[in-house]
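Take a look at the structure set out below.
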Amino acid sequence: RRGVEIATRGNPSMSTIAAGRPGRETGVRLARRARGKARARTKDGRPGRAFATRAGEGMRAYKPTSPGQRGRITTSREGLHRGRPHKALTVGLRKTGGRNARGRITVWHRGGGAKRLYRMIDFKRDLTGARGVIRRLEYDPNRTARIALVDYEGGLGTRYVLAPHGARAGDELESGAESDIKIGNALPLKNIPLQTTIHNIELVPGRGGQMCRSAGSAATLVKKGDDGYCVVRLPSGEQRLVLEGCMATIGMLSNRGHQNRNIGKAGANRWRGIRPTTRGVAMNPIDHPHGGGEGRTSGGRPSVTPWGVHTKGKRTRNNKRTDRFRVSRRPRNRKKYNDNR
């Protein structure tokens with residue numbers, strides 16, 4: 001009855017229907033419809049069937065209004081720009097579907113997904129001495145970290161940069177050897193103090209950052225040598241030599257909660273252009289070493305790729321040219337390494 005009163009309050013036509021011949025069942029149906037309309041907006045005001053609650057810093061947990069929403073956890077986009085990207089810094093992105101120039105599939109599980117615009121990111125940070133102000137933070141579908149649109153003084157234009165953790169609109173950024181040791185500033189490694197957290201690290205001076213560019217990643221500057229090289233500890237635990245003239249950005253990258261998200265349903269990966277993966281044990285012997293057998297089998301051998309290479313623990317690194325730059329390999333037991341740090 002209370003639901004009927006709520007649904008019919010201030011609406012004479014609904015009151016008549018609820019009190020008329022159809023009876024209480026019609027009034028309950030109308031009340032449910034009214035509650036459904038009230039739920040039809042998410043917490044931030046955008047249309048949607050489910051509305052989210054807080055699930056830790058930077059995360060959103062959705063209410064189970066459908067099987068796909070049950071257990072779904074995504075990273076929050078509060079404070080991000082909701083409009084289109086800066087047009088001058090975007091370029092069309094063509095999909096390959098995992099095919100090479102001959103039309104043959106060279107990368108499996110690619111295809112479909114939403115159309116994207118590529119945002120041209122300034123990985124070089126080569127505007128030395130120019131002061132920039134963050135205009136806004138944006139979501140980038142081409143990477144896991146957030147990006148920042150920066151306006152530079154002196155008519156030097158606007159650029160996209162990787163947004164560090166804690167960056168806000170209005171913050172100032174700078175590049176060059178004389179820049180302050182401040183989050184978001186880019187300096188050569190020789191001008192950065194030891195034990196500083198850094199990201200977007202160059203491997204060749206002037207080429208642009210190549211390491212530590214994904215969400216929440218950061219490296220640590222461990223040592224400076226007299227031979228022109230610095231030792232950097234990467235997120236994997238590996239320690240590597242990098243030229244002291246290479247640029248790096250201070251701080252950790254944004255969107256730290258990316259690794260804790262739960263997509264909720266298989267369709268969410270299809271939105272991202274990721275196609276399903278067929279298990280080897282579900283194939284025929286001609287297609288996979290795990291295939292075949294009577295009934296359901298477990299493969300009968302240690303896990304391997306379709307070409308017979310072990311998939312669990314086998315080292316696949318094969319680059320002798322860069323072996324001399326590795327000071328120490330990553331620890332085999334990652335959990336023990338984290339506890340000892």
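Got the relative contact order for region 107-236 handy, in percent, Cα pairs under 8 Å and 6 or more residues apart? Walk me through the intermediate numbers first.
Numbers: 240 pairs, mean separation 26.0, N = 130.
Once divided by the residue count of region 107-236, the mean separation gives 20 percent.
5 Å is the cut-off here: which amide hydrogens, built 1.01 Å from N in the peptide plane, fall below it relative to Met211, excluding neighbours closer than 5 in sequence?
Distant-sequence amide H within range of Met211: Ile201.
Enumerate the calculated ³J(HN,Hα) couplings along region 131-142 in order (Karplus 6.51 cos²θ - 1.76 cosθ + 1.60, θ = phi - 60°), each rounded to whole Hz, writing x wherever the residue is Gly or Pro.
With the stated coefficients, region 131-142 comes to 8, x, 10, 5, 7, 6, 9, 9, 8, 10, x, 8 Hz.
What is the gain in length, in nm to one decimal, between Thr128 and Asn318 on full extension, counting 0.36 nm per residue of separation less the C-alpha to C-alpha distance?
Working: separation 190, 0.36 × 190 = 68.40 nm, distance 3.68 nm.
Gain on stretching Thr128 to Asn318: 64.7 nm.
Just the number, please: Stokes-Einstein D of region 216-331 in µm²/s, Kirkwood Rh from C-alpha pairs, 20 °C, 1.002 mPa s. Before the final figure, lay out each step's value.
Details: Rh = 18.8 Å.
Answer from the Stokes-Einstein relation: 114 µm²/s.
Which whole-number percent gives the relative contact order of region 190-315, counting Cα pairs below 8 Å spaced six or more residues apart? Walk me through the numbers on the way to the answer.
On the way: 205 pairs, mean separation 22.5, N = 126.
Relative contact order for region 190-315 comes out at 18 percent.
Tally Lys/Arg at +1 and Asp/Glu at -1 over every other residue whose Cβ is under 15 Å from the Cβ of Ala186; what's the total?
Values: positive: Lys124, Arg125, Arg131, Arg159, Lys182, Lys190, Arg207, Arg213; negative: Asp122, Asp126, Asp171, Glu172, Glu174, Glu178, Asp180, Glu202, Glu244.
Here the count lands on -1.
I'd like the Karplus ³J(HN,Hα) series for region 225-240: coefficients 6.51, -1.76, 1.60, θ = phi - 60°, whole numbers in Hz, and an x wherever there's a Gly or Pro.
x, 8, 9, x, 10, 10, 9, 10, 8, 7, x, 6, x, 5, 10, 9
Search the structure for amide H atoms under 5 Å from the amide H of Leu173, placed 1.01 Å from N in the peptide plane, and list their residues when 5 or more places away or on another chain.
Gly132, Val133, Ile134
Which of the trypsin sites (Lys or Arg not before Pro) found in region 198-243 are in a DSSP loop and have at most 15 neighbouring Cβ atoms, other than their own, within 10 Å? Let's see the in-between values first.
Working: sites: Arg207, Arg213, Lys223, Lys224, Arg233, Arg240; in loops: Arg207, Arg213.
Listed in order of number, the matching sites are Arg207.
For region 223-341, give the percent of accessible area contributed by carbon and sulfur heavy atoms, probe 1.4 Å, rounded to a whole number. Intermediate results must be reported in sequence, preceding the final value.
On the way: 3870 of 8440 Å².
Here it works out to 46 percent.
Within the set of other residues whose C-beta is less than 15 Å from the C-beta of Lys224, count the net charge using Lys and Arg as +1 and Asp and Glu as -1. Please list the in-between numbers first.
Working: positive: Lys190, Lys223, Arg233, Arg240; negative: Asp226, Asp227, Glu244.
Net of charged neighbours comes to +1.
I need the GluC sites (Glu not before Pro) found in region 140-191, filtered to DSSP loop residues with at most 11 other beta carbons within 10 Å of theirs. Don't skip to the answer; put the middle values down first.
Values: sites: Glu153, Glu172, Glu174, Glu178; in loops: Glu153, Glu178.
Filter output for region 140-191: Glu153, Glu178.
The values are calculated or read from the model by the stated rules, or taken from the named source; none is laboratory data. Computed from a predicted structure; not experimentally measured. We place every Cβ from the backbone using ideal geometry, glycine too, and count neighbours over all the protein chains shown. We work out accessible area using only protein heavy atoms, side chains counted, and drop any ligands, DNA or RNA first. Shrake-Rupley method; radii C 1.70, N 1.55, O 1.52, S 1.80 Å.
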